[in-house]
Amino acid sequence: YAVGLGQVVTASGRGLEVRDARTGAERWSYRRSGWTLLGWASTRSRLLGYFERDGDRGARLVIAFDALSGGLLWRREGMRPAAVPRATLRWPAGSGVLLATDDDRRTLIGVSAATGNRVWRLPLPKRCRLFEGGARPSAGREDLVALALDCGGEERHSRLLAVEPGAGEVAWERRLGSAESPEVSMLDGVTLVSDGTALRAFDEDGEQFGVWRGDDVCGDAMCPGVLLQGRLLVVYHPDGAKRGETRMEAVRVPSGKVEWGREVPAYAALAQAGGRVFALRPRLSGRLLPAGVDIVDPADGDATTAPAPLSVNLDLPGPQPWLAAAGGLLYAAVPQ
């Protein structure tokens with residue numbers, strides 16, 4: 001899911017569906033018989049879908065659309081996305097460029113979202129390749145994309161590579177704490193990485209300013225986080241704490257100073273807008289089944305709770321709950 005340009009985009013294996021963000025009315029959609037959507041990207045005014053033919057993973061197709069009208073702009077066969085998280089199907093892109101790779105996953109290739117032509121090529125570090133799969137092995141925004149690398153040699157490990165998509169230049173690179181495929185999340189100026197040993201927070205220059213240790217610090221999904229007023233608000237499970245205990249902390253960027261922390265419900269998703277943080281709680285209270293939304297003051301963590309007209313069952317299979325705020329509206333998606 002994504003909200004932008006006054007639209008809500010939903011991507012699934014069936015294809016793309018775009019709705020008016022204010023009314024929910026359908027604007028356009030795209031499905032392709034005999035093909036499955038396995039990745040999608042959004043940059044500037046372009047939406048792109050990556051399709052594979054059912055029963056033949058070697059048959060690959062990328063189709064570019066005008067995001068507002070749904071008009072088909074171009075199509076290319078054989079292109080392979082650099083990394084597509086299973087959790088979101090989101091293909092990293094930014095600055096009008098898609099990040100693709102070769103069959104060995106040892107080279108990054110920048111492809112123009114406007115024309116489908118290659119604009120740059122970047123070999124990955126020696127003995128490193130992109131992770132082939134993972135819940136969330138990459139993330140991006142318009143000016144920076146972060147990708148997890150699987151690096152061999154005497155001691156196998158994972159790395160995080162941050163690339164400026166427009167120029168194809170490496171902004172920074174960091175070694176992580178394990179060989180597992182990490183989960184990556186990007187905010188406006190902060191990169192969060194959960195690598196199986198800790199949750200780590202890096203600033204715009206790749207300097208680590210926060211770390212929350214523990215092999216279960218994020219549970220079964222990426223720790224929710226938002227950046228607001230120079231503070232990173234992150235929700236996590238403290239190492240060694242009793243089962244189900246969840247905390248929210250506010251960390252000043254880039255000093256790493258913890259301004260406040262408190263126990264909170266097991267928030268499933270966060271969003272921010274208008275100087276406030278919105279947190280989706282699976283239950284309004286212990287005995288009430290409807291979900292709730294906590295409205296959190298980022299300065300001190302004080303919160304008020306409002307009921308939400310939906311229910312959240314975290315045991316259901318499917319995508320993780322999603323929350324976004326834009327244009328005076330709050331958007332939520334949960335599996336049912």
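The values are calculated or read from the model by the stated rules, or taken from the named source; none is laboratory data. All of these numbers come straight from a predicted model, not from anything done at the bench. Note that each Cβ is placed from the backbone with ideal geometry, even for glycine, and that neighbours are counted across all protein chains shown. Just the protein is used for accessible areas: all its heavy atoms, side chains included, with ligands, DNA and RNA removed. Shrake-Rupley method; radii C 1.70, N 1.55, O 1.52, S 1.80 Å.
Figures for the structure shown
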| item | result |
| --- | --- |
| Alpha-carbon Rg/Rh ratio, for the stretch 205-326, with Rh computed the Kirkwood way | 0.95 |
| Å² per residue, accessible surface of the chain at 1.4 Å | 46 Å² |
| Globularity ratio of the stretch 208-250, using Cα Rg and 2.2 N^0.38 Å | 1.16 |
| In the stretch 164-236, the GluC sites (Glu not before Pro) that fall in loop regions by DSSP, at most 12 other Cβ within 10 Å | E207 |
| Principal axis dimensions, the stretch 91-216 - Cα atoms, whole angstrom, descending | 45, 33, 22 |
| Residue list for the stretch 83-107, given a label point 7 angstrom along the Cα-to-Cβ vector of A179 and an amide N cut-off under 13 Å | none |
| Compactness index (Cα Rg / 2.2 N^0.38 Å), the stretch 174-218 | 1.05 |
| Fraction of accessible area attributable to carbon and sulfur, the chain (%, probe 1.4 Å) | 45 percent |
| Hydrodynamic radius of the stretch 263-334 per Kirkwood, over alpha carbon pairs, in Å | 12.5 Å |
| Overall Cα dimensions of the stretch 24-138, principal axis frame, Å, largest first | 48, 32, 25 |
| Overall form of the stretch 79-164 per C-alpha gyration tensor (a/c, 1.5; a/b vs b/c) | prolate |
| Solvent-accessible surface (1.4 angstrom probe) belonging to L124, in square angstrom, nearest 10 | 20 Å² |
| Directionally averaged shadow of the chain, computed from the convex hull of its alpha-carbon atoms, nm² | 17.0 nm² |
| Coordinate range along principal axes, alpha carbons of the stretch 8-69, Å, largest first | 39, 21, 14 |
| Reciprocal of mean inverse Cα separation for the stretch 35-89 (Kirkwood radius, Å) | 11.6 Å |
| Positive minus negative residues near R80 (Lys, Arg vs Asp, Glu; Cβ under 9 Å) | 0 |
| The chain, relative contact order in percent, only Cα pairs under 8 angstrom and at least six apart counted | 8 percent |
| Cα gyration tensor, the stretch 77-127 - rounded (a/c under 1.5), prolate or oblate | oblate |
